[in-house]
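Structure first, commentary second.
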Amino acid sequence: MAFTFRFTPAHGVQALGLAAALAGAVVWTPLLLSSAESNTPQATAQALAARSENPALQWFSNVATAPQIKVTGVLTGARGAVAILSLNDGPPQSFRVGERVSPGVHLTAIDGDSVEIERAGEKLRVNLDKLPDGPALPLLTRP
C-alpha cells in the first residue's frame, strides 16, 4: 500500500492557522514575559501622608499602613520575654523580640511596662495599658 500525499484547501487553511498561532507565540511570549519599566514619579512624604488618611485609597495602595498597636501584657519565661499585642483592635497575639508584627513593623525590645516597635527605621515605644483602679473594698475582718 503506497502513501499518497493530497493537498486540499482544508489542509491549506489548517497550515495557515498553525503558522499564525506559532508566529503569535513567537512575537508575544518575549513581550509578555519581560518586565516593564515604571515611568511614574515618586510621591513625596507629604503627599503620602495626606493620602493615607483616606480609607478608600488605603485599600488599593501598596504602601503598608501603620497598625494600631495596643500592649495587653508582657510575660517573662524560661525561653525569653513575650509581648501580648492587639493589632487594630483584633484579638491579642503573642510576639517575641525580633518577630514581624505586621508588614514593615518589627518588635525590637520588651520592657516591664512597654515594648519597642521599629517601623521604617523609626523606633516607637508603646506603653502597657494600665488597668483602672478598682473601687475601695470594705475590710472583711472583725474589728
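Computed extension gain for Arg96 through Ala120, at 0.36 nm per residue and net of the alpha carbon distance, reaches 6.7 nm.
Highest mean first, the peptides 28-37, 81-90, 113-122 sorted by other C-beta atoms within 10 Å per residue fall in the order 81-90, 113-122, 28-37.
A cut-off of 5 Å between modelled amide H atoms, ignoring neighbours fewer than 5 places along the same chain, links Asp111 with Glu116.
Rule-based calculations on the coordinates, nothing more; no lab input. Please read all numbers here as calculations on a predicted model, not as lab measurements. As a convention, Cβ positions derive from the backbone with ideal geometry for all residues, glycine included, and neighbour counts pool all protein chains shown.
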